[in-house]
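Input: a single structure, listed below in structure tokens.
The values are calculated or read from the model by the stated rules, or taken from the named source; none is laboratory data. Just so you know, these numbers come straight off a predicted model, no measurement behind them. Heads up, the Cβs are rebuilt from the backbone with ideal geometry, glycines too, and the neighbour counts pull from every protein chain shown.
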Amino acid sequence: MAGRYDRNPFDDEEVNPFADPAVMGKSGQSNYGGGAFYTTNPGSVPPATNSRLSPLPPEPVDFSYDRGATIDIPLDTAKDLKKKEKELQAKEAELKKREQELKRREDAAGRAGIVLEEKNWPPFFPIIHHDIGSEIPIHLQRLQYIAFTTLLGLVACLLWNIVAVTTAWIKEEGVTIWLLSIIYFISGVPGAYVLWYRPLYRAMRTESALKYGRFFLFYALHIGFCVFSAVAPPIIFKGNSLTGILPAISFLSSNALVGIFYFIGFGFFCLESVISCWVIQQVYMYFRGSGKAAELKRDAARGAMRAAL
């Protein structure tokens, strides 16, 4: 039976798996167990180099593999935190102080009858304060809206007046009438707002009898100007600088286009005059019915007595 193991089972392979380069000599002989194993073809296997990896450094005794452990990294010192806390408290105290001061001023203005007005109209370029829906009593809002319509109507009348007078200037008239039409617009629109619309707005908001009196005075002048412009007689103002009925008739014989433009302006001024007359009538009826007329008389009597004394 011993003859069965005389033959090396790895003789048919080119490389002996037991030929470890670390333990093989130059001749390819293995040192395992004192036995001799040789490769079938030692020349076919390149000689192996005797290379060893450097050993890892020893791990410290207290080394831990706990990857879930939290590591506390101080982001700020306690001194810096206290400093920031004091700064925040100082800012908060300053904001509270400013808020109290603003509230005190608003209360003082409210007691004095002063209302802070923020410019909000027109929305694309605010130049005036206008909020009928929230500041005017609901039973007066319709009248206030119509009064505001007469202000916008005056703007439309004076704009069209510029267009018609410009046409007349180009056709046959001089530059004087065009300059006058520009003056009517740049003085009439702001003047109307300051002299009669804003007093009416504030009178309806605060129920002030004196503001109603100011409105009646200057609104009557507004109606007189509209009626005068609708006629446009050649007195006071240069006749053709306003689009009234008389210049329109005179232009029809010489230039039909200019005459038509003046007739349209005449219609605008007539419509403005009619609506304005209705507004002043309605405001006066409310003024008398609410007892403000008697209050205005009493205020006027007190003013006259103080002036006499």
Select from segment 136-171 the residues that are closer than 15 Å to Val279 by Cβ and touching a Leu at 6+ places or on another chain (Cβ under 8 Å) and list them in ascending order. Gln144, Ala147, Gly153
Against the condition touching a Ser or Thr at 6+ places or on another chain (Cβ under 9 Å), assigned to a helix (DSSP H, G or I) and more than 25 Å from Leu140 (Cα to Cα), how does Thr176 come out, does it pass? yes
Return the residues of segment 129-145 that are surrounded by fewer than 15 Cβ atoms within 10 Å (Cβ to Cβ) and of a type in the set (A, V, I, L, M); say none if nothing qualifies. Ile138
Verdict on Trp196 being at pLDDT 95 or above and under 25 Å from Leu143 (Cβ atoms): yes
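In the set Leu200, Leu195, Leu210, Leu217, which member is in a helix (DSSP H, G or I) and either closer than 21 Å to Leu180 by Cβ or among the basic types (Lys, Arg) (or both)?
Details: Leu200 fails: either closer than 21 Å to Leu180 by Cβ or among the basic types (Lys, Arg) (or both); Leu210 fails: either closer than 21 Å to Leu180 by Cβ or among the basic types (Lys, Arg) (or both); Leu217 fails: either closer than 21 Å to Leu180 by Cβ or among the basic types (Lys, Arg) (or both).
So the residue among Leu200, Leu195, Leu210, Leu217 that is in a helix (DSSP H, G or I) and either closer than 21 Å to Leu180 by Cβ or among the basic types (Lys, Arg) (or both) is Leu195.
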